[in-house]
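The next block holds one structure in the form of structure tokens; read it before the comments.
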Amino acid sequence: MERKVYLLWFGQTVSWTGSAMSFFAIGVWIYETTGKASALSTILFIVAIVGVVTGPFGGVLADRFPRKTLIIIFDLTIAVLMCVIGYFALNDILTLPLLIPFALAFGIFEIAHWTTWSAFLGDVVKKNEVTKVSALFESAEAISVLIGPLGGAFIYSFFGLTGVILVDVISCLFGIATITLFKNKKIETKSELTFKNIYLDLVEAYNWLKKQKGLLSLVLILAICNFLWGFTQVLLPPMILSFTDARGLGIVESSIGVAFLFGSMISLRLADKLQGNLKVAIYMGLLGGLSLVLGSIRPSIILLCIHGVIGGVSGTVQYTVSSGAWLAITTEDIRGRALALRGTIAQMLRPIGVLIAGPLGDYLEFDFYPNNVDLLSPIVGLGPGRGYALLFFIVGVVYVGIWVVNLNNKNLRTLSKQVKEITKES
């Protein structure tokens, strides 16, 4: 790959780390202000739902306008919104209701940014480098996940929310500067941007995806998997805090962050072998499910850290293989909308998993598990939090089952052949 791609990686690593700091600090501010975790979950749910609904429209824009220009516009818009939040916080007028319209805006512009960004990556490298570039930028995201909360906590403790946002804005401008190194690719469109044409663009992308049976099968499988991961997002904190303190939770979450980084390094090193290898993606899915089962069987920080490492590495490798396949199959004219549909379909069930996990986990923890403790304790152990662990265990078993069923999926095998043929030709 060209050297400027690595400079782009560095700029985005800095920018995404700044964003991770800001969102971490906003989460801390919400909890300190309200004293309720449900307030934060409400904001996150708004962002997720809005992103799912508006995601396809971001894909239309990415296929109609220069992608580099769109990314800069989206980034600057998000930076301005963060500045307004920082101003409100500095003057002590920021409230939770005031954050709701910002959450709506973030849901729109964040998903539009990521959709355009994914399509832009396909523009800056050759077809035989798509898996490598996916792995490279997965490492950037992993670094932001690892450093963002630590840096955000440090800056927040000294300078408050406004200080964190200031760092975020500076890092955003640095990221934009590295994007300007690339030329805009000309986007040819046959018609003006109207409501009717937006609809026709989305129909065209939908019909294209229906013909891509391999990609469609993959994204539908991942949609179900993301639904299950929505459960774990809710269950993990109460399950851990039931037998240890916040330090234990921090250790487990840190292990996941390290695993993301390690997984991206593995993917980058083995990019040529992973390219188009959907069998590896299936095996990584099996490992991810087994890690969930392992993390649930006993109240142990060690077991949960092992779960975090296995789940983080396997998930990162799987995502790299999947992203490489999408970038390889899509062409410039359809890539933005195709990747937007991918994101919408893959994430559409996760918010439902988040909503269901809380009440279902509470029922198992406080009603079902105590009444069936003798039967269930050999599976998930004894003590507080084992009802949550039972649901964690069930999710893991279902997760493994999904990938076992698809071990010999014909559509995925065909997709592997397609990707390998396309990448060899370039």
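The values are calculated or read from the model by the stated rules, or taken from the named source; none is laboratory data. Treat the numbers as computed from the prediction; the structure is a model and nothing was measured. Please note: Cβ atoms are built from the backbone with ideal geometry, for glycine as well, and neighbour counts cover all protein chains shown. The area values use the complete protein model at the heavy-atom level, side chains included, leaving out ligands, DNA and RNA. Shrake-Rupley method; radii C 1.70, N 1.55, O 1.52, S 1.80 Å.
Under a 5 Å amide H to amide H cut-off, with H placed in plane at 1.01 Å, what residues pair with Asp333 once short-range neighbours are removed?
Amide H neighbours of Asp333, under 5 Å, 5+ apart: none.
To the nearest µm²/s, what D does Stokes-Einstein give for region 60-199 at 25 °C and 0.890 mPa s, using the Kirkwood radius over alpha carbon pairs as Rh?
My calculation gives 143 µm²/s for D.
So for the pair Leu200, Ile352, with labels modelled 7 Å out along Cα→Cβ, what separation do we get in nm?
Roughly 3.3 nm, to one decimal.
For the chain, which whole percent of the accessible surface, found with a 1.4 angstrom probe, sits on carbon and sulfur atoms?
Here it works out to 69 percent.
For the chain, report the accessible area per residue in Å² (1.4 Å probe, heavy atoms, rounded to an integer).
46 Å²
Add -39500 (n - 2.57) for each DSSP H run of 4 or more in the chain, then divide by its residues: what number comes out at 222 nm, to the nearest 500 deg cm²/dmol?
-29000 deg cm²/dmol
Whole number please: convex hull volume per residue, Cα atoms of region 127-261, in Å³.
Enclosed volume per residue, from the Cα hull, is 213 Å³.
With springs connecting C-alpha atoms under 10 Å apart, model the chain as a Gaussian network and identify which of Leu193, Leu327, Leu220 has the largest mean-square fluctuation.
Comparing Leu193, Leu327, Leu220 in the GNM, the peak value goes to Leu193.
Give me the Debye-computed log₁₀ of I(q)/I(0) at q = 0.16, 0.27 Å⁻¹ for region 214-266, equal point scatterers on Cα only, no solvent, two decimals.
-0.67, -0.98
How far apart, in nm, are two points set 7 Å out from the Cα along the Cα-to-Cβ line at Val373 and at Lys410?
Between Val373 and Lys410, the simple spin-label model gives 5.2 nm.
If you take the beta carbon distance between Leu7 and Lys424 as r and set R0 to 30 Å, what does 1/(1 + (r/R0)^6) give as a FRET efficiency, to the nearest 0.05?
My answer for the efficiency is 0.60.
Per residue of region 13-29, what does 6.51 cos²θ - 1.76 cosθ + 1.60 with θ = phi - 60° give for ³J(HN,Hα)? Whole Hz please, x for Gly and Pro, Karplus curve as stated.
Per residue, the Karplus-derived 3J(HN,Hα) values read 4, 5, 5, 5, 5, x, 5, 4, 4, 5, 5, 5, 5, 5, x, 5, 4 Hz.
At 1.002 mPa s and 20 °C, plugging the Kirkwood radius over alpha-carbon pairs of region 301-425 into Stokes-Einstein gives what diffusion coefficient in µm²/s?
In µm²/s, the coefficient is 120.
Work out from phi, with θ = phi - 60° and the Karplus expression 6.51 cos²θ - 1.76 cosθ + 1.60, the ³J(HN,Hα) of each residue of region 234-244, listed in order in whole Hz, and give x for Gly and Pro.
7, 6, 4, x, x, 5, 6, 5, 6, 10, 8
What's the longest bit of the chain with no exposed GluC sites (Glu not before Pro), using DSSP loop states and at most 15 other Cβ atoms within 10 Å as the test?
3-187
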